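A quick write-up on the structure given underneath.
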Amino acid sequence: MSTHVNDAGTVRRLLTTPATWAVVGLSQNQERAAYGVARFVRDHLGMTIVPVNLRGEDTLGETGYKTLADVPGPVDVVDCFVNSRRVGEVVDDAIAEKERLGITAVWLQLGVIDEQAAERAKAAGLEVVMDTCPAIEAPRLGL
């Protein structure tokens, strides 16, 4: 059970402010949720996407990278499509790369919950959205 509460204003701002989203877990596998959601974030919300996956695969016509540390930048939002057991490492990477890349927020996808990682991100000055999806939130907000 998550104790984190997403701030509606933060969700709206992240979904409506032009930005670059590093989508961690986005690969060429069109069967995975990350693929459809990244396409939605790019095509419907107008964001730039940067695929980050273990193989560094290019996806959706964008250059892929193996880790956030490999991304030349800038990145505003780190969108985490990894399971809850692994997301803490991704959040820690986002914190480590915050200044270099310009990261302002981490978005943990639907079903991805790590309270301690969320607290670390907040303590580092990052905004946190957890356990929801842009493709769910955008229609709720009329976007």
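The values are calculated or read from the model by the stated rules, or taken from the named source; none is laboratory data. In this text, all values refer to a predicted model and were calculated from it rather than measured experimentally. Note that each Cβ is placed from the backbone with ideal geometry, even for glycine, and that neighbours are counted across all protein chains shown. Just the protein is used for accessible areas: all its heavy atoms, side chains included, with ligands, DNA and RNA removed. Shrake-Rupley method; radii C 1.70, N 1.55, O 1.52, S 1.80 Å.
Here are some notes:
- Full extension of the chain segment joining Ser84 with Ala96 gains 2.4 nm, where the gain is 0.36 nm per residue of separation less the Cα-Cα distance.
- Computed on the stretch 71-141, the Cα convex hull volume stands at 87 Å³ per residue.
- Whole-number accessible area per residue in Å² for the chain, which is evaluated in the context of all protein chains at 1.4 Å: 48 Å²
- Nonpolar atom fraction for the stretch 56-140, defined as the carbon and sulfur part of the 1.4 Å probe accessible area, stands at 49 percent.
- For the stretch 23-75, the C-alpha radius of gyration sits at 1.02 times the compact-globule guess of 2.2 N^0.38 Å, with N the residue count.
- Protection proxy ranking, highest mean first, for peptides 7-14, 88-95: 88-95, 7-14, where packing is the per-residue count of other beta-carbon atoms within 10 Å, averaged.
- Residue-by-residue Karplus 3J(HN,Hα) for the stretch 39-52, coefficients 6.51, -1.76, 1.60, Hz, glycine and proline x: 5, 4, 4, 6, 7, 8, 8, x, 8, 8, 10, 10, x, 10
- Looking at the chain, the DSSP beta bridges with both ends there are about 5 percent antiparallel.
- Each part gets one Cα centre, and for the stretch 8-78 versus the stretch 85-136 those centres are 14 Å apart.
- The radius of gyration of the Cα set in the stretch 24-143, together with its Dmax, comes out at 13.2, 36 angstrom.
- Sorting the segments 25-31, 122-128, 49-55 by their mean number of nearby beta carbons within 10 angstrom, highest to lowest, gives 49-55, 25-31, 122-128.
- Of every Cα-Cα pair in the stretch 1-50, the percent that sits beyond 17 Å: 45 percent
- Local electrostatic count, Glu127, Cβ distance below 15 Å [Lys/Arg +1, Asp/Glu -1]: -1
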